[in-house]
Amino acid sequence: MNERDYDVVVVGSGAGGGTVAQALAPMVADGLRVALFEKGPRLRDDEFTGREIEMASALYEDGGGFLTADGTLTLALGSAYGGSTVVYTGTSLTAPERVIRGWGVPGLDHADVVARSRRYADENNVHLLPDDEINDNNRLFVEGCRGAGYAAEQFPINVKGCLGSSLCNLGCPNAAKQGTNRVQLPRAEALGVEVVTRAEVLRVEERALVVRVHDEPQGAKGLPSEWAPGDYRVRARIVVLAAGAVGTPALLLRSALPGLPARVGEGFTCHPAHILVAEHAREITNDVGHPKSYYLDRAEDEGFILETCMYFPFTTAKNLVGFGEAHSRFMNAFRRLQMILVLACDHATPGNRVAIDRDGRAVVHYRFTPDVVRSLVRATRASARIFFAAGAVRVHAPSADPPCLEVSDAARIDERVSERHFLPGRTSVSAAHPMGGCGMGRDAGDSVTDAWGRVHGLPWLRIADASLFPDSLEINPYLSIMALADRVAEAVRAEATR
Amino acid sequence: MTPPPSAPTGTFGPMERDLRALAVGIVPEIARLDDAGWRAVATVVEEALASRPAPLRRKLLLFVRVLGWISVARYAARPASLDAVRLGRLLASVERSRLLLLRRGFWGLRTLVFMGYWTRPESAAAIGYRARPEGWEARR
Ligand SMILES: Cc1cc2nc3c(=O)[nH]c(=O)nc-3n(C[C@H](O)[C@H](O)[C@H](O)COP(=O)(O)OP(=O)(O)OC[C@H]3O[C@@H](n4cnc5c(N)ncnc54)[C@H](O)[C@@H]3O)c2cc1C
């Protein structure tokens, strides 16, 4: 096996890993050796074509079809140079005060999370889109909210030179979205951090990683790895894991390090979501323009968030319930479709956790709790009201049977949309905000790390990604992940210079 | 020699005729595809299956076989010989089955058929999906 030595190694290049890499980079000039290993590929700019199937297989774990153990929930996990920030939509919100307070992590202060989030928001060019760049799909949401008695809020987003391709979730074809692949990682590399792609970390050993560098599969997108294919043992004084809320717990579990806290993998949450569509009588602009400009935050009162969205034909087809003529009818109305993404604020629940199979691969066990089903149903009812108030003539509602509401149903939405029609395995549910699995807390009895991402009992091992959340964030998470990763990097810096 | 229409090929072998019938039940527009069009859909399905873990592949193939058995038990005919009404009933029964295993199986099959059909540029064009990297510039 090849051997390499570093001072600090980072695993994963998404919101967490990219942040740590950049924050440590200035120390490379002082002689600190830092390397980051990312199992996904590094794509050339001209490889971002926006074509659904080829981009999904290049940028997502399992081509976007990663399923939970019982097959009732699809998790969207980005896997590339930049992690999920390559495919995220770039909506940039800061953590609610009540959530951070509710986590009760000793030493974690809401004001600190907000201050750090703001710094990254500035760095990522977060701003509100001007009115003339908002498409009909988004405008109708605002109008519908108003008509239904809600107040929509505008999402700050992190784009620079956005042309409005609407293809954010397939990787921006115009390099406009300011993910870690565009901001933090290039800066880290410019200052001397080594980023190695197609480098899968097989396991963690005491102050070391075992890394397998893969060949470029034939015909696949992306550059070859920076290192020669083969297995490497990489030693380091400090190991920072940022492989995401599925990847990090799985990596720790298959490493079976002596002294690892027992709670690794527990506390997994993900904001389970439905994609809802509604048909208008006239064509609207939907597949052009930034897809996600507005949201409605009902997390505190009703346990859900609504967001505007616009997906591609296959993703849309897959997320509608049903088949045959009724299903095709919605698909054929594509140019007249308005879309809303409804997200449930799930909570850490015993049994919902990340584990590994016999081959060490990640397995996510996830059951929809009655609270989650209730939130999804409430969110669907609210969305139906918003759609009809915006002028829709027909609404696709996954928790209705048949899953289609006509205008004549508008007065009996509560009756038509009901928890009794939510049938796992039939009703499509997906999630793009995996969180938890290595939660922060007081000690190994209640958590995996402290408030600075230090693993209890293993001081050389740090965690710096979404797995740190002790419970759901109840809002889009990437800025908060960057804020927490920034704290982890600060602690690593302090120690590395000691 | 030109193969007869929907000759058994690829991953699904002799089950391909049933798969094609089931696919038409899921996306009625597939009935309008000629053999080459259908093969393009089936190839996407096969490639997606080939890239998934072997147990998942086996489960999906088994599910298509099970659907065939249910069809024979219920209608004394394979899916490829069912009319649209009976095919729809067969699919609805597994979609709403009390057994999660069957519902999941149908969800997997449905997803693959959608992937095969709706990722074709022709299908996207037919419904007027027009997203382009150039965004607003391509529209104004
Ligand atoms: C489609 C989509 C849209 C989203 N939109 C938004 C949004 O608008 N706003 C928002 O706030 N959030 C959004 N999110 C969520 C956000 O992107 C994630 O919460 C965030 O990127 C998670 O950061 P992370 O560092 O925990 O993991 P990730 O960003 O997922 O990065 C983890 C990286 O680790 C790598 N990895 C895993 N295992 C290994 C291993 N063993 N060896 C080497 N590398 C490994 C993975 O390949 C991956 O690249 C979205 C997510 C998706 C998928």
Q) Of everything in region A:37-65 that's hydrophobic (A, V, I, L, M, F, W, C) and at pLDDT 95 or above, which residue is nearest to the chain's Cα centre (by Cα)? A) A:L59
Q) Could you list, in sequence order, the residues of region A:81-99 that are touching a Gly at 6+ places or on another chain (Cβ under 8 Å) and more than 6 Å from the ligand (Cβ to nearest atom)? A) A:Y81, A:G82, A:V86
Q | Hits in region B:81-130 (condition: part of a helix (DSSP H, G or I), within 7 Å of chain A (Cβ to nearest Cβ) and touching a Phe, Trp or Tyr at 6+ places or on another chain (Cβ under 8 Å)) | A | B:L91, B:E95, B:R110, B:F114, B:M115, B:W118, B:S123, B:A124
Q) Since A:V417 meets every condition but one in (1) surrounded by fewer than 20 Cβ atoms within 10 Å (Cβ to Cβ); (2) modelled with pLDDT of 95 or more, which condition does it not meet? A) (1)
(Q) Of the residues A:F330, A:F314, A:F368, only one is part of a helix (DSSP H, G or I), closer than 17 Å to A:T74 by Cβ and at pLDDT 95 or above; which? (A) A:F314
Q: Could you run through region A:58-80 and say how many residues are within 12 Å of another protein chain (Cβ to nearest Cβ) and either over 19 Å from A:Y311 (Cβ atoms) or within 9 Å of the ligand (Cβ to nearest atom) (or both)?
A: 8
Q. Quick check, is A:R116 away from every other protein chain (no Cβ under 14 Å), surrounded by fewer than 17 Cβ atoms within 10 Å (Cβ to Cβ) and among the charged types (D, E, K, R)?
A. no
Q: Would you kindly identify the strands (runs of 3 or more DSSP E) lying entirely within region A:172-221 that contain at least 3 residues that are away from the ligand (no atom under 14 Å from the Cβ) and of a type in the set (F, W, Y)?
A: none
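One line per residue, one yes/no per condition, for (1) under 17 Å from A:P424 (Cβ atoms); (2) surrounded by 16 or more Cβ atoms within 10 Å (Cβ to Cβ):
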| site | (1), (2) |
| --- | --- |
| A:M331 | no, yes |
| A:F334 | no, yes |
| A:L337 | no, yes |
| A:A344 | yes, yes |
| A:P350 | no, no |
| A:R353 | no, yes |
| A:R358 | no, no |
| A:H365 | yes, no |
| A:V373 | yes, yes |
Q.
For region A:122-144, give me each residue that is surrounded by fewer than 21 Cβ atoms within 10 Å (Cβ to Cβ) and more than 14 Å from chain B (Cβ to nearest Cβ).
A. A:D122, A:E123, A:N125, A:H127, A:L128, A:R139, A:E143
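Condition first: in a helix (DSSP H, G or I), buried (at least 19 other Cβ atoms within 10 Å of the Cβ), of a type in the set (D, E) and in contact with a Pro (Cβ under 9 Å, 6 or more places away or on another chain). Can you find one or more residues in region A:44-51 that meet it?
no
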Q: Identify, by number, the condition in (1) touching a residue at least 40 places away in the same chain (Cβ under 8 Å); (2) of a type outside the set (A, V, I, L, M, F, W, C); (3) within 7 Å of chain A (Cβ to nearest Cβ) that B:G68 doesn't meet.
A: (3)
Q) In this structure, is A:E300 under 23 Å from A:A76 (Cα atoms), charged (D, E, K, R) and away from every other protein chain (no Cβ under 14 Å)? A) no
Q: Could you tell me whether any residue of region B:48-59 is crowded, with 22+ Cβ neighbours inside 10 Å, within 13 Å of chain A (Cβ to nearest Cβ), more than 22 Å from A:P402 (Cα to Cα) and of a type in the set (S, T, N, Q)?
A: no
(Q) Give all pairs with beta carbons closer than 9 Å in which a residue from region A:126-143 that is in a loop (DSSP other than H, G, I, E, B) meets a residue that is surrounded by fewer than 22 Cβ atoms within 10 Å (Cβ to Cβ) and of a type in the set (G, A, S); count only pairs at least 6 apart in sequence or on separate chains. (A) none
Q: Identify the residue in region B:32-76 that is modelled with pLDDT of 90 or more and in a loop (DSSP other than H, G, I, E, B) and, among all such residues, is nearest to the chain's Cα centre (by Cα).
A: B:L33
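The values are calculated or read from the model by the stated rules, or taken from the named source; none is laboratory data. Source: prediction; values computed, not measured. All Cβ positions, even for glycine, are placed from backbone atoms using ideal geometry, and neighbour counts span all protein chains on display.
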